[in-house]
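The following block contains the structure, expressed as structure tokens.
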Amino acid sequence: MAFKPPFRKDKTVTRSMRIDEGIDDILKSEAQKRGVSVNTLLDQYLTRYVESIRFVENMMAVILSAQTMKGLLEFVEEQEIEELGLSLGMERPFDLLLKRGVNPSYEAAKWYLTKVLGAHSGWFSSSVNTGGENEIIHLSHPFGMKWSKFLDGYFGSFFKEVLGFVPDTQLLSGSVTFTINLKEI
């Protein structure tokens with residue numbers, strides 16, 4: 001069963017609004033490039049706001065290009081980035097789930113990881129595959145091995161400390177793969 005955030009309902013509503021004609025032109029152009037309707041595009045942007053942006057817009061969050069992020073990571077020692085991931089992962093994801101009104105669970109963690117941090121925040125792109133007793137969460141990114149080690153610590157400590165299991169992990173310079181034995185959850 002897929003995780004459904006607590007703010008989601010099964011009904012939709014219609015909203016009318018006025019926007020500048022130039023903004024509408026850009027929305028139509030972007031929707032056409034993506035092969036979706038303007039309504040779908042706006043729904044995607046509003047979902048991103050509700051699930052992610054509204055929680056960080058007053059926190060002095062910064063948007064960085066992949067090139068800048070990778071460059072910054074080069075100046076941090078590998079051991080320091082691993083320790084930072086482990087330290088932050090013990091509380092930060094837990095706190096941010098609670099802030100969204102979501103009780104921590106494996107399904108909630110998977111939603112937070114794939115949607116909030118992956119799709120909405122650009123930490124990585126993700127895929128989830130289930131086969132037999134295992135579920136594989138694959139996180140791809142362009143930031144190098146140090147980012148892989150940060151993600152391993154961040155999510156590894158969250159899985160262990162908050163959810164009570166330790167996944168098998170494989171690190172590469174552009175990805176982290178967690179293999180979760182579903183019987184352990």
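The values are calculated or read from the model by the stated rules, or taken from the named source; none is laboratory data. Here the structure is a predicted model, which is why all the values come from computation and not from measurement. Here the Cβ is made from the backbone with ideal geometry for all residues, glycine too, and neighbour counts use every protein chain on show. Calculation scope for accessible area: heavy atoms of the full protein, side chains included, ligands and nucleic acids excluded. Shrake-Rupley method; radii C 1.70, N 1.55, O 1.52, S 1.80 Å.
Only one residue in MET60, MET90 is in contact (Cβ under 8 Å) with a residue 60 or more places away in the chain and either on the phi > 0 side of the Ramachandran plot or touching a helix residue (DSSP H, G or I) at 6+ places or on another chain (Cβ under 9 Å) (or both). Which one?
Just one listed residue meets the conditions, MET90.
I'm checking my understanding of the structure. Among residues of the range 145-185 that are of a type in the set (Gly, Ala, Ser) and over 18 Å from the mean Cα position of the chain (by Cα), which one is modelled with the lowest pLDDT?
Going through the qualifying residues, I end up with GLY164.
Looking only at residues that are among the hydrophobic types (A, V, I, L, M, F, W, C) and either under 11 Å from the mean Cα position of the chain (by Cα) or open to solvent by 50 Å² or more (accessible area, probe 1.4 Å) (or both) in the range 108-122, which one is nearest to GLY164 (Cα to Cα)?
Of everything passing the filter in the range 108-122, ALA109 is nearest to GLY164 (Cα to Cα).
If you don't mind, another one. How about the range 31-67: which of its residues are in a helix (DSSP H, G or I) and either among the charged types (D, E, K, R) or under 16 Å from PHE150 (Cβ atoms) (or both)?
Across the range 31-67, the qualifying residues are LYS33, ARG34, ASP43, ARG48, GLU51, ARG54, ALA66.
So how many residues does the range 36-63 have that are polar (S, T, N, Q) and within 16 Å of VAL13 (Cα to Cα)?
Within the range 36-63, residues that are polar (S, T, N, Q) and within 16 Å of VAL13 (Cα to Cα) number 4.
Now for a separate question. Read through the list (1) at pLDDT 90 or above; (2) open to solvent by less than 100 Å² (accessible area, probe 1.4 Å); (3) within 25 Å of ALA2 (Cα to Cα), then give the number of the only condition that GLY85 fails.
Just one mismatch for GLY85, condition (3).
For ILE53, are the conditions met, namely being within 20 Å of PHE158 (Cβ to Cβ) and not basic (Lys, Arg)?
No; evaluated as a whole, the condition is false for this residue.
The rows are residues; the columns are (1) under 25 Å from ILE136 (Cβ atoms); (2) open to solvent by 80 Å² or more (accessible area, probe 1.4 Å); (3) not aliphatic (A, V, I, L, M).
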{"residue": "THR12", "(1), (2), (3)": "no, yes, yes"}
{"residue": "SER16", "(1), (2), (3)": "no, yes, yes"}
{"residue": "GLU21", "(1), (2), (3)": "no, yes, yes"}
{"residue": "LEU27", "(1), (2), (3)": "no, no, no"}
{"residue": "VAL50", "(1), (2), (3)": "no, no, no"}
{"residue": "GLU57", "(1), (2), (3)": "no, yes, yes"}
{"residue": "GLU74", "(1), (2), (3)": "no, yes, yes"}
{"residue": "LEU97", "(1), (2), (3)": "yes, no, no"}
{"residue": "TYR106", "(1), (2), (3)": "yes, no, yes"}
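Just one of SER140, SER125 is farther than 23 Å from LYS4 by Cα and either open to solvent by 60 Å² or more (accessible area, probe 1.4 Å) or not aromatic (Phe, Trp, Tyr) (or both); which is it?
Checking each option against the conditions leaves just SER140.
Here's another thing I want to ask about it. Does SER121 count as in contact with a Ser or Thr (Cβ under 8 Å, 6 or more places away or on another chain) and either of a type in the set (S, T, N, Q) or modelled with pLDDT under 95 (or both)?
It is true that SER121 is in contact with a Ser or Thr (Cβ under 8 Å, 6 or more places away or on another chain) and either of a type in the set (S, T, N, Q) or modelled with pLDDT under 95 (or both).
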